[in-house]
1. Place the peptides 135-147, 118-130 in order of packing, highest mean first, counting for every residue the other Cβ atoms within 10 Å and averaging per peptide.
2. Provide the net charge surrounding GLU154, with neighbours chosen by a C-beta distance below 11 Å and charges set as Lys +1, Arg +1, Asp -1, Glu -1.
3. Report the gain in length on full extension from GLU60 to GLN100: 0.36 nm times residue separation, minus Cα-Cα distance, nm rounded to one decimal.
4. What does the charge count near ASP104 come to, summing +1 for each Lys or Arg and -1 for each Asp or Glu among other residues with Cβ under 10 Å from its Cβ?
5. Return LEU151, LEU89, LEU47, LEU77 ranked ascending by Cβ neighbour count within 10 Å, so the fewest neighbours appear first.
6. Which order do VAL72, VAL110 fall in if you start with the one that has the fewest other Cβ atoms within 10 Å?
Amino acid sequence: MCISRGGAPDPPRLKAHSFRRAAGRETHRAGSSRTNRAEPAVHEVSLAHAVWRQVTAEMEKHPGRRLMGVHVVVGALSGAAPELLEFALGLLVAESQWPQAAIDVRDEPVLLVCRGCGHEYPMDEMRLRCPACGSADIEPVRGTELRLESLEVE
């Protein structure tokens with residue numbers, strides 16, 4: 001176990017090559033060029049570490065409590081693969097002081113809003129115009145982030 005500058009234990013370290021192999025996303029080499037198949041797995045490992053740092057920081061505020069569940073929300077436009085993030089978090093939990101904690105990663109659909117008329121609607125099939133007024137001045141208001149939603153403790 002390593003101790004960070006703040007005195008808190010660092011989360012267990014996952015090696016990207018081990019994660020890719022365990023997740024069935026092993027990097028393949030063809031000649032001297034590498035395919036990009038494993039790139040997302042490395043991304044989710046770093047995201048899992050970031051989420052786990054938040055979890056451990058919160059649990060340090062409640063000594064003696066048992067972590068029973070970790071709930072994470074992954075927006076459809078967040079750039080993260082929910083199943084790979086769940087797998088990586090599961091590996092971190094298994095190596096932690098709370099191996100009994102369940103991991104719940106929930107997908108969040110994208111919700112768009114029209115800046116012209118204020119109409120909110122779910123994104124489906126990349127509709128680039130507001131269905132109410134036809135404006136192309138739209139922006140996502142939900143479904144773009146990855147966040148630690150809640151922790152279950154006892």
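Nothing in this text is a laboratory measurement; each read-out follows from the coordinates by a stated rule. Just so it is clear, the model here is predicted, and its values are computed rather than measured. Note that each Cβ is placed from the backbone with ideal geometry, even for glycine, and that neighbours are counted across all protein chains shown.
1. Highest-to-lowest ranking by the protection proxy: 135-147, 118-130.
2. +1
3. Gain in length upon complete extension: 12.7 nm.
4. Here the charged neighbours net out to -2.
5. LEU77, LEU151, LEU47, LEU89
6. So the ranking, lowest neighbour count to highest, is VAL110, VAL72.
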